[in-house]
Amino acid sequence: MMYPSRSLSSRRRLVIVVLLLLASISTPTTFAANTNTNTKSKPTQLIPGIVHTRTDVSHHVGITTSIQKMFVACNSHDYSTAKELYESHAHSKYSLKDLATMGTSASATADMRKNTNNGLTFAFQMYGMTMASSSIFGGITLDGNGGNGGNKDSSTGAIKHNFDSFTTEERERLINFAHTDISSSFDYLLRVNDNDETKSTTCNAIATAAMWQITYLHASSELWNAMHECTIMADPNYNNAAAGIDSHDLNSKADEFIAHWIGGNVNDLSSHDDRNGSLFSSSNAIALKFDKASQEVHGLSIANRLVVSGYETLSSILSDDTACDEDSGKAVATVESMWRTNVQLTSSMMIPLIQHLIIAMLENQDQLFIDVYAKMVVPQLAVCRHSNYVYLTEVLLDNVYDETKLHKIMTVLQDSYGCLGITCEDIGKPQGYYGDSYLFCSDEDYAEPVLAGYVATADVREQAKIDLDIHHMKILMSFENEHYWTMAKYIYMYGKNSKQKDPNFDDDFEQLFTNFRSLHSLARSDLRQGTLFYNEIVSYTDNPYYADYYIMDVFNKDRHGSVSAEVRSAIISNMILTQVIYSYVLGELNDALEHCNTGKRSKESSEAWDEVAAYIIGSLEGSELGGADDFSEGELLWSLGNKRGVEFNRVNDDGYAIVNSAVMNYLLSGKGQIEHDNCDNLERTTKNLSHMLLIPAIQTVVKYALSNQFLPFSSDDVDIYNGEIFAKFLIPIYGKYSQGSAKTLQNNMIRNFQSLVGDGPQAVADAYLDIADDFGIQCEFIGKSFEVNACLNYKPELKSSSGASTAPSSIWRLAGVSIFLVVLFHSIL
């Protein structure tokens with residue numbers, strides 16, 4: 001389950017009321033005075049007396065008038081006028097067609113192209129559409145006809161799933177997906193003699209797409225453009241004047257965002273005309289069909305409350321002319337604040353989209369409307385659990401909607417709310433369907449999450465979602481796009497999915513635009529100090545923050561700047577998994593043990609132990625025993641264990657890795673030891689678990705020893721870098737017990753101007769034998785892969801570095817039972 005976060009509280013609603021009342025008693029002149037003295041900047045009233053901008057956006061708000069008149073023309077069967085409105089500049093600076101094709105149109109001006117399509121929402125849209133490209137290219141279009149049959153590679157016939165592997169023409173079709181559909185649909189309307197009502201429905205679907213695809217994506221892009229301009233202004237290498245950046249107009253992009261969200265046709269907060277061209281009004285209208293229309297606050301929907309509040313936060317950040325000035329020392333803090341605000345804003349924007357899709361299915365609306373919403377919602381879910389995305393692609397994009405599948409669709413959607421940063425309460429219950437429990441969910445049902453079969457008693461949903469940060473980073477790094485790589489760096493630095501509660505706040509709204517837990521913060525956490533292997537790792541790397549510096553250097557191209565994006569992505573991802581996540585897990589294990597030993601025992605120790613499980617397993621694995629059926633879904637240590645379990649033939653009868661079976665048993669036993677105040681045996685369990693989590697990393701080194709033995713040391717093959725990352729992680733750990741074993745890894749896996757894996761991959765596997773007794777885990781747990789057998793050279797008379805004898809063992813066959821019984825026995829003594 002992709003667990004939703006906690007929902008809105010009554011106190012949060014009160015804070016929003018105060019916000020809106022404060023906005024209503026403010027005057028545009030006051031805002032303008034606080035912003036700057038630039039005569040070009042004139043406030044625009046969007047909702048009279050309540051919402052107004054800091055700069056002049058009057059030339060943007062008319063886009064909603066174009067859409068509104070399109071609806072009127074459609075209902076009058078005047079399809080020529082509807083098309084003219086789509087292409088017209090009569091009401092706004094840019095036409096709807098301009099917005100739909102800004103980044104690729106041959107007639108686009110430099111200003112139109114600047115910063116287009118740089119944001120997270122658009123990146124994830126392109127990723128999702130690329131993954132579902134056979135559906136997008138060959139699926140249902142607004143004219144009711146199929147596409148051209150997919151995006152197969154002409155040489156291999158295989159479906160391409162990497163955006164940069166597409167031809168220029170194919171990429172433009174993906175980028176311009178809304179315009180492509182709309183253009184072909186207008187051709188159909190003006191060409192085919194169909195029943196007028198059928199054509200009117202198609203035309204209304206076009207206007208809906210203009211609103212919920214084109215305007216929506218453009219509004220979102222302006223949020224990220226605002227942040228991008230701030231980073232440019234702060235960069236001394238940029239000439240701000242040449243880049244068109246004016247410190248007196250920092251608010252302009254934020255204002256353009258809210259201008260496109262609200263438009264020029266809204267008179268009050270309760271506006272709920274679904275056909276006036278305004279995303280704001282349409283959001284209010286769809287909320288009325290759910291139990292969260294929030295009539296107690298001016299009829300404002302939850303989504304609009306959050307959007308307006310987020311906009312006010314963003315504008316306040318940018319109201320200082322020096323906010324993005326590096327010389328003022330404010331730029332870094334400004335970018336971080338903008339990042340947090342934008343992440344929350346784009347999550348809020350998803351609420352009405354999902355509500356529209358749900359109601360379109362419930363009311364059995366024309367397939368064209370379902371398709372409009374599905375083409376926005378489903379691609380965004382590609383960044384969540386892959387199996388959920390695949391299912392929704394099949395039932396909503398590949399095929400005509402089948403109402404008999406509604407319950408399964410709703411279950412999958414609800415499973416994805418947490419990944420999107422929204423809650424069950426944000427979406428609400430569809431009015432009139434309260435008897436059907438499949439159509440809504442409760443956030444409290446997930447307060448004690450189940451992680452791959454481990455039942456947490458503390459609410460560790462947010463900690464588990466750290467895997468989404470890694471997943472989203474990897475998606476962004478799959479593009480050859482420096483803007484998307486910058487976004488990946490910001491996810492690493494500032495976080496995106498794992499909300500971190502401040503103990504000083506007891507209300508969700510007060511923290512709405514505050515901190516996320518970040519991988520950067522884990523890499524620098526003091527919890528790592530004093531843990532098993534900490535001293536050895538610091539001694540080897542000569543830097544307690546080695547991983548964090550290394551990752552940032554790769555992002556900034558100060559290291560490995562000339563290698564491919566694939567290699568850089570692999571380095572960053574594997575450094576995070578080994579040096580950051582594993583080290584932080586050890587810190588949480590220590591924390592649980594210290595709480596137990598200092599008498600705090602049950603509550604604090606139990607919460608820390610649940611956090612251990614969250615950081616090992618993550619949210620993407622789901623709740624089923626063993627984790628996700630597709631082992632590629634996860635991003636943390638649990639997923640690595642399952643992947644290597646398959647490759648080394650170490651999978652139990654339930655279909656997942658025996659290593660993970662042992663990890664689960666240690667997790668369950670540690671929980672029992674905490675509940676019984678058995679701190680002595682908890683210490684033994686934490687050490688055993690720490691060692692067991694290393695087995696997949698050891699298997700990984702063997703895996704890359706096999707693949708790298710035939711590569712020259714000068715190669716830039718990604719496998720060489722992968723092998724080095726895992727070897728450098730294990731060398732100080734091996735060295736704690738056996739310098740000879742550490743030297744074997746160093747000589748064979750690290751480039752030293754000699755042939756790689758000179759002693760052969762079997763020698764790399766044999767290096768473990770000298771430390772097996774220190775780990776307390778025999779070679780059978782590692783297994784066999786191709787010609788390498790971890791136990792091939794095992795000899796019973798061998799001694800470990802500590803002098804303990806190594807006896808033959810078949811413990812791996814009993815991993816699901818014997819380890820659990822042993823530690824459980826200790827836990828109850």
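The values are calculated or read from the model by the stated rules, or taken from the named source; none is laboratory data. Please read all numbers here as calculations on a predicted model, not as lab measurements. Note: ideal-geometry Cβ built from the backbone for every residue, glycine included; neighbour counts use all protein chains shown. Each accessible area value is taken on the protein alone, full model and side chains, heavy atoms only, with ligands, DNA and RNA left out. Shrake-Rupley method; radii C 1.70, N 1.55, O 1.52, S 1.80 Å.
Annotation for the stretch 259-342: GluC sites (Glu not before Pro) lying in DSSP loop with at most 14 further Cβ atoms inside 10 Å of their Cβ are E296. Note on E363/D680: beta-carbon distance plugged into 1/(1 + (r/R0)^6) with R0 of 51 Å gives a FRET efficiency of 0.25. Measuring between their Cα centroids, the stretch 661-681 and the stretch 614-658 lie 20 Å from each other.
Along the charge dipole of the stretch 266-382, which of Q380, L345, S316 sits closest to the positive end, that is, farthest toward it, with unit charges on the beta carbon of Lys, Arg, Asp and Glu (+1, +1, -1, -1)? It is Q380.
The slack between F753 and S270, meaning 0.36 nm per residue of separation minus the straight C-alpha distance, is 166.8 nm. The alpha carbon gyration tensor of the stretch 564-681 gives principal lengths a ≥ b ≥ c with a/c of 1.5 or higher and a/b no greater than b/c, which makes the shape oblate. Per-residue 3J(HN,Hα) values for the stretch 352-367, derived from phi via the Karplus relation 6.51 cos²θ - 1.76 cosθ + 1.60 with θ = phi - 60°, read x, 4, 5, 4, 4, 5, 4, 5, 4, 6, 4, 8, 6, 5, 3, 3 Hz in sequence order (x marks Gly and Pro).
Applying a DSSP loop filter and a limit of 16 other Cβ atoms within 10 Å to the GluC sites (Glu not before Pro) in the stretch 445-485 leaves E480. The amide H of F516, built 1.01 Å from its N in the peptide plane, has Q500 as neighbours under 5 Å, considering only residues 5 or more places off or on other chains. Here the peptides 51-59, 452-460 are ranked by packing, the mean other Cβ count within 10 Å, and the order with the highest first is 51-59, 452-460. Along the stretch 383-390 the Karplus relation, 6.51 cos²θ - 1.76 cosθ + 1.60 evaluated at θ = phi - 60°, assigns HN-Hα couplings of 8, 9, 5, 4, 5, 5, 4, 4 Hz to successive residues, with x for each Gly and Pro.
Extending 7 Å from Cα along the Cβ direction at E394 and again at E482 yields two label points whose distance is 4.2 nm.
Compared with the direct C-alpha span, the chain from K603 to S76 gains 183.1 nm at full extension, assuming 0.36 nm per residue.
Estimated at the nearest 10 Å², the accessible area of Y433 is 80 Å² with a 1.4 Å probe. Scoring 746-753, 493-500 by mean Cβ neighbours within 10 Å over their residues and listing the highest first yields 493-500, 746-753.
If packing is taken as the average count of other Cβ atoms within 10 Å, what order do 220-227, 631-638 fall into, highest mean first?
Numbers: 220-227: 25.1, 631-638: 23.6.
Output ranking for 220-227, 631-638: 220-227, 631-638.
Local charge for N752 was computed over the other residues whose Cβ lies under 15 Å away, with Lys and Arg +1 and Asp and Glu -1, and equals +1. Evaluating 6.51 cos²θ - 1.76 cosθ + 1.60 at θ = phi - 60° for every residue in the stretch 260-277, the Karplus couplings come out as 6, 6, 8, x, x, 10, 9, 9, 7, 5, 8, 3, 9, 7, 6, 10, 8, x Hz, glycine and proline recorded as x. One Cα centroid belongs to the stretch 406-463, the other to the stretch 530-589; the line between them spans 34 Å.
Please say if the stretch 513-637 is rounded, prolate or oblate, where rounded means a/c under 1.5 for a ≥ b ≥ c the square roots of the C-alpha gyration tensor eigenvalues, and otherwise the choice is prolate for a/b larger than b/c and oblate otherwise? The shape class here is oblate.
Any chance you could run the full-extension gain for E87 through V332? It's 0.36 nm times the residue separation minus the Cα-Cα distance, nm to one decimal. Spell out each step's value before the answer.
Working: separation 245, 0.36 × 245 = 88.20 nm, distance 4.03 nm.
My answer for the length gained is 84.2 nm.
In the stretch 700-775, if the dipole is taken from +1 on Lys/Arg beta carbons and -1 on Asp/Glu beta carbons about the Cα centre, which of F775, I733, G760 is farthest to the positive end? The one lying farthest along the dipole's positive direction is I733.
FRET efficiency for the pair S714 and Q746, taken as 1/(1 + (r/R0)^6) with r the Cβ-Cβ distance and R0 = 22 Å, rounds to 0.75. Reported to the nearest whole Å, the Cα centre-to-centre distance from the stretch 739-762 to the stretch 157-208 is 55. Taking a ≥ b ≥ c as the square roots of the eigenvalues of the Cα gyration tensor, an a/c ratio of 1.5 or more together with a/b no larger than b/c marks the stretch 386-512 as oblate.
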